[in-house]
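Reviewing the structure listed below.
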Amino acid sequence: MQGDTAAFNLQAPATSLARMEYDLHSMLLWVTGLIFLLVSAVMLYAIVRHRKSRGHVAKPFHENTTVEIIWTVIPLLILLAIAWPATRAVLSQKSTHGAEMTIRITGYQWKWRYDYLDDNFGFVSHLATPRAATAAGAARPEHYLLEVDAPLVLPTGRKVRLLLTANDVIHSWWVPQLGVKQDAIPGFLRDAWFMVDKPGIYRGQCSELCGKDHGFMPIVVDARSPADYARWRAARLKQAAAAADDPARVWTLAALRQRGETVYSQNCLPCHQASGKGIPGNFPALDGSAVVNGDKAAHIRIVFYGSQRNPAMQAWGKQLSDTDIAAVITYERNAWSNHNGQVVQPADIHALRGGSG
């Protein structure tokens, strides 16, 4: 997955954890390989040298204390030799003591959200490979299905603690070169850690089958030098402050529709499709839908709370901002053949959420 180094072995490790796992894997490969060769050699020697055609006759015997002690003690010593470094590796993986920053990672179908808990900002990371590239015969970019619109940016040389959970089903955050693979389970908070040695781009994927777009849920970690990370962090904080929406702002239909199209493509498109026709038998069409063209309040409720009739329809109220929900509903009510001209304002969502709007 990462070039020639991964052709016949694990990817080149980029953290102390990954190096420990790489060395453990190599040691186990040598131990099991030598045992296989040794046992095979003894068996072949016995078969060839003592075959029946040379006049050998099987010697019947029962119990041999010396042999039984040997085949008990030797495997025990081998297992102890393997268990010692394996136990040390597991304990090291679980030791988050001394972490210098904490990132909460939440898995969604089919994207990741990263929250920088020390700086109180976060963002959602989506697959960036164009959907058109997945069609048969289409040209594919270099990092096909392994590129995102917003990577997890971290500094090198700092111990990073990860808190992982999920919003819907079980996911698994896996970046081989960082030596991290941790399940993200709804209702539970699991932790992991790593410290990247040098700047670079490290790619991974969700490794737990989590639905029809499981293969479209990549992970990209952009490790930068402390100085570069400080500049990115300052810019991100300014961007977060500037992007904070005023729920009382009154938007035009055109502005909300434009923003809603982006929100739709990032969150709704896998199920309801770009055409709004859905996937018959699984995900309903929004183009011409009675819900989308009917009562506005009912449309808002199903987007905000999810569907009781179809559990695949998520509760977006926990994932999107008031403005994003208002924008995507406005877009759905004014896209394809739906042209009812109705606008849902962020204040409508804010009021449903319990605000004062």
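Scanning segment 337-357 for residues that are within 32 Å of the chain's Cα centre (by Cα) and surrounded by fewer than 20 Cβ atoms within 10 Å (Cβ to Cβ) gives LEU352, ARG353, GLY354. The C-beta contact set for segment 116-134 (first residue under 19 Å from ARG203 (Cα atoms), second residue assigned to a strand (DSSP E or B) and among the basic types (Lys, Arg), distance under 8 angstrom, 6+ apart or interchain) comprises PHE123/ARG113; VAL124/LYS111; VAL124/ARG113; SER125/LYS111; SER125/ARG113; HIS126/LYS111; LEU127/LYS111. The conditions are (1) under 28 Å from the mean Cα position of the chain (by Cα); (2) open to solvent by 20 Å² or more (accessible area, probe 1.4 Å); (3) closer than 17 Å to HIS272 by Cα, and VAL303 fails exactly one of them. Which is it? All conditions pass for VAL303, except number (2).
Just one residue in the set VAL221, VAL169 is within 16 Å of MET101 (Cβ to Cβ) and surrounded by 16 or more Cβ atoms within 10 Å (Cβ to Cβ); that residue is VAL221.
Among residues of segment 79-102 being open to solvent by less than 100 Å² (accessible area, probe 1.4 Å) and over 17 Å from ASP23 (Cα atoms), the one that is farthest from the chain's Cα centre (by Cα) is GLY98.
In segment 271-282, of all residues being of a type outside the set (A, V, I, L, M, F, W, C), in contact (Cβ under 8 Å) with a residue 24 or more places away in the chain and out of contact with any Leu (no Cβ under 9 Å at 6 or more places or on another chain), the one that is farthest from TYR331 (Cα to Cα) corresponds to ASN282.
Can you find, within segment 248-275, the residue that is modelled with the highest pLDDT among those that are touching a Gly at 6+ places or on another chain (Cβ under 8 Å) and crowded, with 20+ Cβ neighbours inside 10 Å?
If we filter segment 248-275 for residues that are touching a Gly at 6+ places or on another chain (Cβ under 8 Å), which is where we start, we get 248, 253, 271-272.
In the following step, the residues that additionally are crowded, with 20+ Cβ neighbours inside 10 Å were identified as 271-272.
On the way: CYS271: 85, HIS272: 90.
The selected residue is HIS272.
Can you find a residue that is open to solvent by 10 Å² or more (accessible area, probe 1.4 Å), out of contact with any helix residue (DSSP H, G or I) (no Cβ under 7 Å at 6 or more places or on another chain), of a type in the set (Asp, Glu) and not assigned by the TED database to the domain that holds ARG19 anywhere in segment 119-141? No, because not a single residue in segment 119-141 is open to solvent by 10 Å² or more (accessible area, probe 1.4 Å), out of contact with any helix residue (DSSP H, G or I) (no Cβ under 7 Å at 6 or more places or on another chain), of a type in the set (Asp, Glu) and not assigned by the TED database to the domain that holds ARG19. Out of all the residues in segment 22-32, is one or more surrounded by fewer than 11 Cβ atoms within 10 Å (Cβ to Cβ) and either of a type in the set (Asp, Glu) or part of a helix (DSSP H, G or I) (or both)? Yes, segment 22-32 contains a residue that is surrounded by fewer than 11 Cβ atoms within 10 Å (Cβ to Cβ) and either of a type in the set (Asp, Glu) or part of a helix (DSSP H, G or I) (or both). The numbered conditions (1) buried (at least 19 other Cβ atoms within 10 Å of the Cβ); (2) touching a Lys or Arg at 6+ places or on another chain (Cβ under 8 Å); (3) over 28 Å from TRP112 (Cβ atoms) are all true for ALA327 except (3). Does segment 173-194 contain at least one residue that is over 27 Å from MET20 (Cβ atoms) and buried (at least 21 other Cβ atoms within 10 Å of the Cβ)? No: segment 173-194 contains no residue that is over 27 Å from MET20 (Cβ atoms) and buried (at least 21 other Cβ atoms within 10 Å of the Cβ). Considering (1) on the phi > 0 side of the Ramachandran plot; (2) buried (at least 17 other Cβ atoms within 10 Å of the Cβ), the lone condition that TRP112 does not fulfil carries the number (1). Cβ-Cβ distances below 8 Å connect the following pairs, each with a first residue in segment 336-354 that is farther than 17 Å from THR252 by Cα, a second residue that is surrounded by 11 or more Cβ atoms within 10 Å (Cβ to Cβ) and hydroxyl-bearing (Ser, Thr, Tyr), and a separation of six or more residues or different chains: TRP336/SER275; ASN338/SER289. The single condition from (1) touching a Lys or Arg at 6+ places or on another chain (Cβ under 8 Å); (2) open to solvent by 50 Å² or more (accessible area, probe 1.4 Å); (3) not hydroxyl-bearing (Ser, Thr, Tyr) that PRO311 fails is (1).
The values are calculated or read from the model by the stated rules, or taken from the named source; none is laboratory data. Note that this is a predicted model, so its numbers are computed, not measured. Counting neighbours? That spans all protein chains shown, and the Cβs are built from the backbone with ideal geometry, glycine included. SASA here: full protein model, heavy atoms, side chains in, ligands and nucleic acids out. Shrake-Rupley method; radii C 1.70, N 1.55, O 1.52, S 1.80 Å.
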